[in-house]
Amino acid sequence: MFIKYNQPVFQRSTIPDLTGKVAIVTGGNSGLGLATVQHLTRHGAKMYLASRSEASAAAAMEQLRSEGLGPRNGQIEWLELDLSDPRKAKRSAEDFLAREDRLDMLVNNAGIRSPDWGTHLPAHLTHVSSYISPVIFTRTLLPIMIKTARNPQNDVRIVTMSTSYISMFKGKTVRFNTVGDLNEEFKDAMLADMLRYAKTKLANVLYVKRLQKEFDALDIPITVMSVDPGTVDTPGFRSDPSLKIPIIGLIIRLWAWLTFDTPSEGAYGTVFAIASPAVRADRDKYKGAYIVPPGLVGTPQTPQAESAELAEELWQTTESLCASLTA
């Protein structure tokens, strides 16, 4: 079973009845995304499980139902979402807009670490899937989220996943002035994939802070946060090529088995950020915040993640890139 309701985080921060609320979790068919879907559905939310494959979404929903959703369970629907192409991400958001008249919770959970370059795009697939497409997906959904947030009874939030891997940039020069900066090639072949992935996550943290600033300036009552889930034994982790290395891979797997959180435990920070009443009770504390396990306001693992200058660079570059990709 995913859910352990006797865990301390749920004792400290009770998740309310979410009946009537509508949520999207990207990458909701496995790992942290699936665990997040289960937590929120068990509290009554109408969930859109966003993923590329209908078959994997159907299997995930069947798993959730077989494990029992509880007396307050909400409805689960599949939303087709292919983040490998920003244009498809935009169409997915438009499909949602045609199906619903509100959106209370958006969890940008999906992302990949890939050695491949996008076929028709000016960016590496990691950057497209883990940063560019999620931004376009979010931007396209903003009208319905703003409409929902204008009702003072509602509490609209956006949560985007980060990672402690951003610490790899501590002490290094990072820029986001151009698409080339965003799409930086790394010379260290052993770490290139990891560095690309970490840079997309650093971009996500900066974008969250800048998006929150934009909302505040326009007096839009939406709360945006980034979440570091900690070390979690997910399918993505288990597919890491390093685990196939003789002896070393075995040691890493044993270490993970002994110390890593389950997906359910790893999702606690996300569930806290997206649904806990504590966030609404003290919005100023949580606006643009970096949430660490099990649901605390933390400090990003590298100082660049708190740079207003970098956030502005990234914002301007992202605005230009999104405009060109969705024209």
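Things to note:
- Whichever aspartates and glutamates have a C-alpha closer than 14 Å to that of LYS46, once near sequence neighbours (fewer than 8 apart) are set aside: ASP17, GLU77, GLU100, ASP101, ASP104
- Pair LYS285, ALA217: separation of 7 Å Cα→Cβ label points (nm): 2.8 nm
- Subtracting the Cα-Cα distance of GLU319 and SER167 from 0.36 nm times their residue separation leaves 52.1 nm of extension gain.
- Long-range amide H partners of ASN109 with built H, under 5 Å: THR26
- Put a dot 7 Å past the Cα of ASP181, heading toward its Cβ, do the same for ARG65, and the two dots end up 4.9 nm apart.
- Burial order of peptide ranges 204-215, 15-26 (average beta-carbon count within 10 Å, highest first): 204-215, 15-26
- Placed amide H near GLU77: partners under 5 Å, 5+ positions off or other chain: MET47, TYR48, LEU49
- Between ALA308 and ARG87, the distance separating the two model label sites (each 7 Å from Cα on the Cα→Cβ line) works out to 3.9 nm.
- Radius 10 Å from Cβ of SER164, net charge of other residues (Lys, Arg +1; Asp, Glu -1): 0
- Computed from phi, the 3J(HN,Hα) profile of segment 75-91 under the Karplus parametrisation 6.51, -1.76, 1.60 (θ = phi - 60°) reads 8, 10, 10, 8, 10, 5, 8, 10, 7, 6, 9, x, 5, 5, 4, 5, 5 Hz, with x in place of Gly and Pro.
- Ranked by the mean number of other Cβ atoms within 10 Å of their residues, highest first, the peptides 303-314, 133-144 fall in the order 133-144, 303-314.
- Spatially proximal aspartates and glutamates relative to LYS209 (Cα-Cα < 12 Å; intrachain offsets below 8 disregarded): GLU306, GLU309, GLU312
- Greater than 24 Å apart at Cα, pairs in LYS172/LYS285; LYS88/LYS170; LYS21/LYS287; LYS172/LYS213: LYS172/LYS285; LYS88/LYS170; LYS172/LYS213
Every read-out reported here was derived from the displayed coordinates using simple, explicitly stated rules and does not represent laboratory data. No experiment lies behind these values; they were computed from the predicted model shown. Backbone-built Cβ (ideal geometry, glycine too); neighbour counts: all protein chains shown.
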